[in-house]
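A.B. asks: I have a structure I would like to understand better, so I am pasting it below and will then ask my questions one at a time.
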Amino acid sequence: MQFTVRQSDLDMNRHVNNAVYVGWALESAPEEIAGTLKPVDIEVGFRAEALAGDTVIARCGLGAGANSGRFLQEIVREKDGKELARLRVNWA
């Protein structure tokens, strides 16, 4: 899923606010997961910043165990492939 960083996504340092990364990641979850389950635990590792006008891509993949409800998600900057955030989300 692709997002363009808006002014309203920025914090006082003019970088994307940390909570926005989480929102993007949750939005990238497959509909069969997001439509039936809720995130119960989120672990986030921030790697780099995104700025206004950047295009970012949110990716979602199944974590350990096919039925675990655990998903690994990452946010990357489109223009250079730089990983901005990596998330582990448990859905139940």
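The values are calculated or read from the model by the stated rules, or taken from the named source; none is laboratory data. Bear in mind that the values here come from a model prediction, so they are computed numbers and not experimental data. Virtual Cβ from ideal backbone geometry, glycine too; neighbours counted across all protein chains shown.
A.B. asks: Could you list all residues from the range 2-60 that are under 15 Å from residue 72 (Cβ atoms) and either in a loop (DSSP other than H, G, I, E, B) or of a type in the set (D, E, K, R) (or both)?
C.D. replies: Answer for the range 2-60, where residues must be under 15 Å from residue 72 (Cβ atoms) and either in a loop (DSSP other than H, G, I, E, B) or of a type in the set (D, E, K, R) (or both): 28, 29, 30, 41, 43, 47, 59.
A.B. asks: Hey, could you check the range 40-83 for residues that are of a type in the set (A, V, I, L, M) and under 11 Å from the mean Cα position of the chain (by Cα) and say which is modelled with the lowest pLDDT? Give the derivation first.
C.D. replies: Looking only at the range 40-83, we keep the residues that are of a type in the set (A, V, I, L, M), and these are 40, 42, 44, 48, 50-52, 56-58, 62, 64, 66, 72, 75-76.
When the remaining residues are screened for being under 11 Å from the mean Cα position of the chain (by Cα), the result is 42, 44, 56-58, 72, 75-76.
Details: 42: 95, 44: 97, 56: 98, 57: 98, 58: 96, 72: 92, 75: 97, 76: 97.
For the range 40-83, the residue satisfying everything is 72.
A.B. asks: Right, next: Does at least one position in the range 12-27 carry a residue that is surrounded by 14 or more Cβ atoms within 10 Å (Cβ to Cβ), under 14 Å from the mean Cα position of the chain (by Cα) and at pLDDT below 95?
C.D. replies: Checking the range 12-27: at least one residue is surrounded by 14 or more Cβ atoms within 10 Å (Cβ to Cβ), under 14 Å from the mean Cα position of the chain (by Cα) and at pLDDT below 95.
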